[in-house]
1. Tell me which residues, restricted to the stretch 60-84, are in contact (Cβ under 8 Å) with a residue 12 or more places away in the chain and over 14 Å from G29 (Cα atoms).
2. Within the stretch 115-132, how many residues turn out to be more than 16 Å from R166 (Cβ to Cβ) and open to solvent by 10 Å² or more (accessible area, probe 1.4 Å)?
3. From D233, D239, grab the single residue that is touching a helix residue (DSSP H, G or I) at 6+ places or on another chain (Cβ under 8 Å) and over 21 Å from V59 (Cβ atoms).
4. Just checking, does the stretch 85-94 include any residue being open to solvent by 40 Å² or more (accessible area, probe 1.4 Å), more than 24 Å from G130 (Cα to Cα), of a type in the set (K, R) and over 12 Å from the mean Cα position of the chain (by Cα)?
5. Could you say which residue among A157, A209 is open to solvent by less than 40 Å² (accessible area, probe 1.4 Å), assigned to a helix (DSSP H, G or I), free of Cβ contacts under 8 Å to residues at least 40 places away in the same chain and small (G, A, S)?
6. If D197 satisfies all but one of (1) among the acidic types (D, E); (2) free of Cβ contacts under 8 Å to residues at least 40 places away in the same chain; (3) surrounded by 19 or more Cβ atoms within 10 Å (Cβ to Cβ), what's the number of the condition it fails?
7. Pick from the stretch 33-84 the residues that are basic (K, R) and under 21 Å from S138 (Cβ atoms): which of them is most open to solvent (accessible area, probe 1.4 Å)?
Amino acid sequence: MAKSLSALLLLCSSLWQTLWAQEVTIVAGPILDIINQQGTGPYQQILHQAAQRSGIELVETFYPLKRAVETFKHKKSLAIYLMIDAFKEEISRNEIITTYPIGIYKLYIFTRKDQTAISSYAQLKGKRVGGVFGYEGSYQSLINRGIQVYYISDEKAQLDKLNNGRVDAILGFLPDWLPYLEQLNYDESFPVDIGYDYIVVWNTPQGQAFVDKISPALQQMKHEGTLKKILADHYLDFDYKVTKTFEWQPTDKSQPNTSEP
């Protein structure tokens, strides 16, 4: 029995080493002031620090948002930042898993500061609403109501078109748009969608090992205040509660010793 147990432990150790002999590949797309081509965005800083703490070698590739989504969908990377809603209809929830959150998001409908805030879907009738290519899955509640979304290349172009009157409203996420709120009007009580920003990972042995290894580091960084420090004005506080089968489930050992900041 002892020999069998030792052999099993050796096999598990060998499997773990094999999984981590490979680099963890992640694909990133531009997200306003959060993820950028230079690799210096707050979410990128958080993930790379968590990887360093966990002894993970992370290789990141940056593409335009739609191409980033397609790259992940075709399994050319193990992971992708945030984009779980981008493939709602195409990838089974059993095929993916997620890390501990990097942050939380709230999707709102923004108008110019001199325009009335949108407080109901009915107000969007006949209006031109600007969205971003790659986020189609996040806009499903509007599309299901027959609201036409005009797709724009990125969030900065969205803001330009809003200011130029090319669209009447734009769809945007907080915390991404927090630094721009002086220019915008919105109803805080009318979010279109709320959820966690996490790393979405293919549900493979390597993916499971990655999620299980990096999530405690991300969790610790949240509890010790590192996420808040890095995100600064982009930080929205959250209390992580597992509600979906693909979300990482903390174990007793992964619970931090520090209290909520």
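The values are calculated or read from the model by the stated rules, or taken from the named source; none is laboratory data. Predicted, not measured: the structure shown is a model, and the values here were computed from it. Cβ: placed from backbone, ideal geometry, glycine included. Neighbour counts: every protein chain shown. Accessible surface areas use protein heavy atoms only, side chains included; no ligands, DNA or RNA. Shrake-Rupley method; radii C 1.70, N 1.55, O 1.52, S 1.80 Å.
1. If the condition is that a residue be in contact (Cβ under 8 Å) with a residue 12 or more places away in the chain and over 14 Å from G29 (Cα atoms), then K75, K76, L78 are the ones that fit.
2. Here the count works out to 8.
3. On the way: D239 fails: touching a helix residue (DSSP H, G or I) at 6+ places or on another chain (Cβ under 8 Å).
Criteria check complete, one pass: D233.
4. yes
5. Step by step, each of A157, A209 is checked, and only A157 is open to solvent by less than 40 Å² (accessible area, probe 1.4 Å), assigned to a helix (DSSP H, G or I), free of Cβ contacts under 8 Å to residues at least 40 places away in the same chain and small (G, A, S).
6. Going through (1) among the acidic types (D, E); (2) free of Cβ contacts under 8 Å to residues at least 40 places away in the same chain; (3) surrounded by 19 or more Cβ atoms within 10 Å (Cβ to Cβ) one by one, D197 breaks only (2).
7. R67
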